[in-house]
Structure formats: C-alpha cells, structure tokens
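**Student:** Below is one structure. I have some questions about it.
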C-alpha cells in the first residue's frame, strides 16, 4: 500500500511454522504460554485492493514462549471470504469496500461474512477468530489452521455482533452483544455457558437507528452499553453501495445514550450523555453506590474515515486524539475525568476484569512518525511511556507474575522501520523497561487484538 507507515499496510502472505526467533536481551523463564494476535494482512489481489484497513484478509499469529525462547507461527485464515478473494479479487461486500444494493442485502440478510480479523477468544475450549459479523471461525491453536465456522445451537438471529467478548471466570460464562436488524432493530445482550455453544438472551433494547458497536462494558452485576450517535437505519444499509459502514451517519445533536442492564434480570435503565465516539471500553466496576466506566473516547466518528487507505496516505499517525476517560455513574449523575490523551488499544491486567483496576496499558499515539506504549496510573493520574524512533508499536498485553496488579510483563508487537522488520517486544510492566525483543523474518502488517494463554 505504500502509505508512509514503513510498510505496515503492505500485504504479507508468507507463512512460517514454529520458527525459533533470535532474541536480543533476555525474557523471564517464568513466561510460558502463547500470545495469539489477529489482524488484516492481505490487502491486494490480482490488481484489486481493499479500500479500508478493516477489509484486509485476516491472518493469525502465534508467539509461543518457552524457557526464555520464542517460537513464531503465522497463517492466513482460510475463510470463505479468503477463498472468494483468492478467486475473484477484492470486489464488494466488506466493511467499507463498496458494492451493489444486492451486496448490501447479503450483508444484512445473507450468510454472515467470515473475514474474522479482529480478535480471538476461547469458547467452550474452542479457539475462535472473531469479527463484527456472526461469521466467527474456529482454528487449531497449534497450527492456526481454520477448521470451520462457529455454529450456535440457538435461534437468536443476530446480523451484527461485538467482536469484543467478556469472559467471566467466576460464573463460567462469556457475555456478548449484537444487533437484530429490522423495521425496529434491537440491541441484544446474551451469555454463552462453558458447557455448550448456545447463546442465552439476557435482554434486548429496541432502537430505530442502530449504532455502530465495537465493544461494551461489564461489571459484576451490570452490562454497560454506550449507544454513540454514529448510526444507520435498515433502509439506509440496504440502499448503500459503499460497504457496510458507509450508510452510517454522525449525528452529534442526538447525544450518546448509556444503557445499564442488570445481568440477572435484564432490567434496563438509560442515561443521557454528551456526544462522543468510542471503539474500546477498557473496564468497568462497581464502587459502593457508583459504577466506574473507563473507555477511549473520540470527539466524533471521523476516526473511522481516517482508516480508509486514501486518507491514511496523507497521515503520519494511524489514529490520534483518542483520550482515556473515566465516567462515574451515581444514580442519575454522571461525572467525567480525563486521564490521558493520545491512546488506543487499551488493556488491563485481566485478573482485574469487572473489578477495580489501577493501571491501564495502551498504544501511545501522540507523536508523529511513531507509536509507543503507555501505562496510566488511574489512582494518581501519572503515566509512563516507552517510545523508540521510527517504530510503530501495537496493542500491549499484560501477563502477570505473582505479586501486585502491575507485576509481570507487557507483550507488544511492533514495526521497526529502520530494520524493515516486525518484532515482538517484552517490557517489564512495573518500570516500562525493555527486557528483550525478537525480530520476525519479515514485516507483518499492523494488527488489532490478541490474547495470552498460559497453558498453551
């Protein structure tokens, strides 16, 4: 794509399996397990091109840590969409890559697209590549080979889903949400038990114009959904010829609506908020008679447009001006605190999920020509950053060692523009100092999200 990001959007189709990477520095021997990352990696085929970052074909990456060594495997996700593009090139029917009204009808009412390029999860012991349609794909955790679509045994009937799920280890369930489109559409909140692949509906909320949804919040007792004013209608979606997202419209005068749903009863309350756009909720928890909700906030939906390739071509940073903010909800009152500006891809120590957390880790985006890593102390407001010239870092994943919330390491993949290679970086999360890194034999395009599993 030659977009000025050091080849971070160049297609990569080369695959390797269980390749031992050469280490620089040392990583702790206690770090044993596998980091799985997902993201788009193929953007061109036979003269045709994807038009938006989100439309690149998915590639899975596995970094296996064993006794101070790292072994790397990558594999393009052989989905139905992958086979279609290999045969016919990038045509239509994507997130933003245009098509016809017929393509739009297929997106809404047809077989869900399965270019599952956003994240990964384990559902009932099965490893799953996730996207924003119900076209999730199971894969083998050792070889990364796709083994087929995930088929649920229920009849909930969703056309769009959140690619970010919430795992509740205490209750043995996973919480998700999606949208049923219709003359009156519905936001649907559901749980998946560990025993079987069946979604149990918790609650639904009617909406005339469904919002774009990428993530939501979860506390011990509540689901938190922020309905941002970047929305569409069923008729607009069907009549659009520019891809799924092209029918959405930013309407700041409508404001953002916060839905608070009781997990056990489905009882729903709503609160009015000022307009903002968000991709990523960070975490939420209950604090006495209040609910605390952290997320990365943008002033409007312009960030979605900035990720079209013709727009990225004129930019030196992928995203900018994302702010880590904290909302405190107490009865009908909502207060807001800004914690850090210039952040995306936020993560926490996952043992603090739905509980009070102190630290937020994320991709720092406030410098031209590079992206770093930041750790924000939400108690004190202080932060620590890691930067390296001519380097683009991606989502940091925290892996805890025995000790406090901040003990352990951060794992992040990056692109070294001088070396013209991607690498995996290991930082000491307590002081943000580099412990070691290992370079791949090639450049891997910028990805989205991942998970670390200590037993793999």
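The values are calculated or read from the model by the stated rules, or taken from the named source; none is laboratory data. Everything quoted here is computed from the prediction, not taken from an experiment. Cβ: placed from backbone, ideal geometry, glycine included. Neighbour counts: every protein chain shown.
**Student:** In segment 429-447, is there at least one residue being buried (at least 21 other Cβ atoms within 10 Å of the Cβ), part of a strand (DSSP E or B) and under 21 Å from the mean Cα position of the chain (by Cα)?
**Tutor:** No - not one qualifying residue is present in segment 429-447.
**Student:** In the set 395, 389, 385, which member is under 21 Å from residue 419 (Cα atoms) and either over 19 Å from the mean Cα position of the chain (by Cα) or not in a loop (DSSP other than H, G, I, E, B) (or both)?
**Tutor:** Residue meeting the stated conditions: 389.
**Student:** Of all residues in segment 132-186, which are over 30 Å from residue 238 (Cα atoms), surrounded by fewer than 13 Cβ atoms within 10 Å (Cβ to Cβ) and out of contact with any strand residue (DSSP E or B) (no Cβ under 7 Å at 6 or more places or on another chain)?
**Tutor:** Matches in segment 132-186: 169, 170.
**Student:** Considering only segment 201-222, I want to know if a residue exists there that is closer than 23 Å to residue 124 by Cβ, surrounded by fewer than 16 Cβ atoms within 10 Å (Cβ to Cβ) and either free of Cβ contacts under 8 Å to residues at least 40 places away in the same chain or in contact with a strand residue (DSSP E or B) (Cβ under 8 Å, 6 or more places away or on another chain) (or both).
**Tutor:** yes
**Student:** Mind checking whether some residue in segment 52-64 is within 18 Å of the chain's Cα centre (by Cα), modelled with pLDDT of 95 or more and closer than 23 Å to residue 152 by Cα?
**Tutor:** yes
**Student:** So, one more: Quickly run through segment 221-243 and pick out the residues that are more than 20 Å from residue 156 (Cβ to Cβ) and within 22 Å of the chain's Cα centre (by Cα).
**Tutor:** 222, 224, 226, 228, 229, 230, 231, 232, 243
**Student:** Name, by its number, the condition in (1) in contact with a strand residue (DSSP E or B) (Cβ under 7 Å, 6 or more places away or on another chain); (2) free of Cβ contacts under 8 Å to residues at least 24 places away in the same chain that does not hold for residue 357.
**Tutor:** (2)
**Student:** For residue 75, state whether it is part of a strand (DSSP E or B), closer than 16 Å to residue 451 by Cα and out of contact with any helix residue (DSSP H, G or I) (no Cβ under 7 Å at 6 or more places or on another chain).
**Tutor:** It is false that residue 75 is part of a strand (DSSP E or B), closer than 16 Å to residue 451 by Cα and out of contact with any helix residue (DSSP H, G or I) (no Cβ under 7 Å at 6 or more places or on another chain).
**Student:** Go through segment 1-38 and report how many residues are on the phi < 0 side of the Ramachandran plot and not in a loop (DSSP other than H, G, I, E, B).
**Tutor:** The total comes to 9.
**Student:** When the residues of segment 194-219 are narrowed to those that are within 22 Å of the chain's Cα centre (by Cα) and not in a loop (DSSP other than H, G, I, E, B), which ends up farthest from residue 174 (Cα to Cα)?
**Tutor:** 211
**Student:** Taking the criterion of being closer than 15 Å to residue 386 by Cα, in a loop (DSSP other than H, G, I, E, B) and touching a strand residue (DSSP E or B) at 6+ places or on another chain (Cβ under 8 Å), would at least one residue in segment 406-422 satisfy it?
**Tutor:** no
**Student:** Then there is this: Out of (1) assigned to a strand (DSSP E or B); (2) touching a residue at least 24 places away in the same chain (Cβ under 8 Å), the odd one out for residue 238 is which?
**Tutor:** Looking at each condition in turn, residue 238 falls short on (1).
**Student:** Shifting gears a bit: Looking at (1) surrounded by fewer than 20 Cβ atoms within 10 Å (Cβ to Cβ); (2) over 25 Å from residue 420 (Cβ atoms); (3) touching a strand residue (DSSP E or B) at 6+ places or on another chain (Cβ under 8 Å), which is the only condition residue 31 fails?
**Tutor:** (1)
**Student:** Out of segment 235-249, which residues are in contact with a strand residue (DSSP E or B) (Cβ under 8 Å, 6 or more places away or on another chain) and at pLDDT below 80?
**Tutor:** Selection gives 243 alone.
**Student:** Mind counting the residues in segment 340-371 that are under 23 Å from residue 163 (Cα atoms) and not in a loop (DSSP other than H, G, I, E, B)?
**Tutor:** The qualifying residues number 13.
**Student:** Would you mention how many residues in segment 43-55 are surrounded by fewer than 23 Cβ atoms within 10 Å (Cβ to Cβ) and in a strand (DSSP E or B)?
**Tutor:** Counting residues in segment 43-55 that are surrounded by fewer than 23 Cβ atoms within 10 Å (Cβ to Cβ) and in a strand (DSSP E or B) gives 4.
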